[in-house]
1. Which of the residues that make up the range 163-188 are closer than 16 Å to ASP55 by Cα and of a type in the set (Asp, Glu)?
2. For ARG364, indicate whether it is under 27 Å from VAL222 (Cα atoms), of a type in the set (Lys, Arg), exposed (fewer than 14 other Cβ atoms within 10 Å of the Cβ) and out of contact with any Pro (no Cβ under 6 Å at 6 or more places or on another chain).
3. Kindly provide the set of residues from the range 152-181 that are outside any helix (DSSP H, G or I) and under 21 Å from SER117 (Cβ atoms), ordered by number.
4. Go through the residues of the range 313-321 one by one and say whether even a single one is surrounded by 15 or more Cβ atoms within 10 Å (Cβ to Cβ), within 30 Å of VAL138 (Cβ to Cβ) and touching a Lys or Arg at 6+ places or on another chain (Cβ under 9 Å).
5. Being buried (at least 19 other Cβ atoms within 10 Å of the Cβ), assigned by TED's automatic domain parsing to the domain that holds VAL112 and in contact with a helix residue (DSSP H, G or I) (Cβ under 6 Å, 6 or more places away or on another chain) is the requirement here; does ALA195 meet it?
6. LEU262 - would you say it is of a type in the set (A, V, I, L, M), within 30 Å of GLY132 (Cα to Cα) and at pLDDT 95 or above?
7. Which residues, counting only those in the range 16-47, are in contact with a His (Cβ under 8 Å, 6 or more places away or on another chain) and under 25 Å from CYS206 (Cα atoms)?
8. In this structure, is LEU262 among the aliphatic types (A, V, I, L, M), in contact with a strand residue (DSSP E or B) (Cβ under 6 Å, 6 or more places away or on another chain) and surrounded by 21 or more Cβ atoms within 10 Å (Cβ to Cβ)?
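The values are calculated or read from the model by the stated rules, or taken from the named source; none is laboratory data. Because the structure is predicted, anything quoted here is derived from the model rather than measured. Every residue, glycine as well, gets a Cβ built from its backbone with ideal geometry; the counts of neighbours run over all protein chains shown.
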Amino acid sequence: MSPGALLAAILAAGAPSSEEVSGGSTPSADGVAIRYETRGEGSPAVVLVHGWAMDRRLWDHVAPRLARRHRVVTLDLAGHGESGRGRARWTIEAFAEDVRAVVAALGLERVVLVGHSMSGSVVLEAARLLPGTVVGLVPVDTLQNVEERTPPEEVAAFLAPFRADYRAAAERFVRRFLFLPDSPPAVVDRVAGQAAAAPPEVAIPCLEAAWSGDDAPALAAVTVPLRAVNAERYPTERETNRRHAPQFDAVLIGGTGHYPMLEDPDRFDALLVRTVRDVAAEGTAAAVLRAQAEAWNRGDLEAFCSVYDEDAIYLSPSGLVRGRGAVLERYRRRYPDRAAMGTLRLDLLGTRAAGDPDPDGGVRGVSITARWRLGYPDRPEATGLTLVVLRPEGDGWRIVEDASM
C-alpha cells in the first residue's frame, strides 16, 4: 500500500468506536490470571462483574450501550470463563481481589462497579479495597436483605445434592428457582447448561460462600451512592438495608427472573444505563462534598466555599444568605479560628440525580442529604443535617442551594 493510500485508510477509519474491544489478562492477588475486556471511553469507567457460574459474556448486550459514554470493563472472575482456576480458597474476598487487580492494571481512577447475583457481595468488598476510586455501586438482582441469614445446617442441606451429582443439581436449581414460568426457553437453556458445565470444585465453594456470607459489614462500610437494579420476584427490603447504608436505594424491573439482562435485554439496558448515569453523577457530586470536608479540616475556608455557585442560596436556622462571598463571610464569623472549626465528617444519607427521562440524556443536577459532625477534643460533638443541591457547570460541579441545620 502506498503512503497516500495508507493515510487515506487511516483518515477514513476515524477515531476508535465504542464497539471496538480490546482485552488482556492480569494476575490477581494470589497470582491467578484474570481475563478482561474493555471498550469505549469516558469517566467514570464502568466495571461489570458477572455472578455464579457465568462469565463476562453475560454483559454482551448492555456493554456497547454503556460504552457510548463510559470506558466499560468486563471480566471473568477466577474459575470462570477464560480466567485461571488455580485458587486455594473460593471466597468473596478473593473475587474482590480479582476486581481490584483489573482496576489497577487498567489504571482506572474513577469507577462504578456493577455486580450481578453473587457479585453484589463481590463489589461491596471491592469497594472496600478501592477507597477513593469507586464512586458508585450498582448491584443487580442481589442484596435484597442483608440481615437475612441462612443457618449453616440449611446451607449444608442445600449443597448436599450438588456434592452428590453436581451437574443434575445445578441444572435443576437454575430451572426451578432462577426463572419465571414464562422466561424465554432459550435463555433458561443457556444458563442451565452453563451452570451445569461449571467445574464443581469451583462452583460448589462459590455457592457456599454466597449463601454463608454476611454482607452487612461491607454494606455499612460503603460511603458512595448505591442503587440496586432488582427483579420484582423477591422483595427488596430498602429500609432493612438502610439500617446499614442509609443511602441504599433500588429500582425494580418486573416480568423477569434472575437474569433480566438476558430475559428482557432492551428494557434492562435502558434501566441500567440510566441507573449508572445517575449513580455516576451522584458519586461525582458527593466527591465535591468530600473535598469540602478535606478543605475544612485543613482550616481552609476559602477552598471550602469555592465550590458554591456565585449566586448560591444558603439557608440555616440563623437565616438566609445569598452568594458565594456572603456564604464565606458567614462561615468566617461563625468559625473565626481553627479551634472553632473542629474536625468535620460528612455521612451520606441519600443522593438523587435529576436526570433526563431518556437514559442517554444528561443529568441536570444532584441533591445530597448528609449528616454533618464537628468533633472537638475538649467539648461534645456538634451535629446536624444538610441538604445540598449541585449542578454541573463546565468541567465541575457547583453548590447552588444549601440548607443546613
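1. None; the set is empty.
2. The answer is yes for ARG364.
3. Hits for the range 152-181 are LEU178, PHE179, LEU180, PRO181.
4. No, that holds for no residue.
5. So ALA195 passes the test.
6. When the stated conditions are applied, LEU262 does not pass them.
7. VAL46
8. No: the conditions fail for LEU262.
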